[in-house]
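The numbers here are math on the coordinates, done by the rules we state, and not lab data. This one's a predicted model, so the numbers in the text were calculated from it and none came from an experiment. Here the Cβ is made from the backbone with ideal geometry for all residues, glycine too, and neighbour counts use every protein chain on show.
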Amino acid sequence: QEVMDMEVKPQPSQPHWYERHIQPCLAELLGTALFIFIGCLAVLEDSGGTGRLQPALAHGLALGVTITVLGDI
């Protein structure tokens, strides 16, 4: 009788190999590429008067966008 009263808990399913290995690597690749691309463009477009502020803001904005877009991965 005790065996019949016990609840059977479903085992959590293991994530697919793509979700464990490939998806994080693609997210890292896209995030890094965007971060470097935006940062390099900010340095190239430096108008002289902004100094270090423009690249710093561009990197911060790129990081914020990357986290927002790829945060669920």
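Nearest 0.05, what FRET efficiency do LEU63 and TYR18 give at R0 = 22 Å with Cβ-Cβ as r?
About 0.30, to the nearest 0.05.
For LEU34, put the label point 7 Å out on the Cα→Cβ axis and report which residues of the stretch 51-71 keep their amide N under 15 Å from it.
From the stretch 51-71, the list is 58-71.
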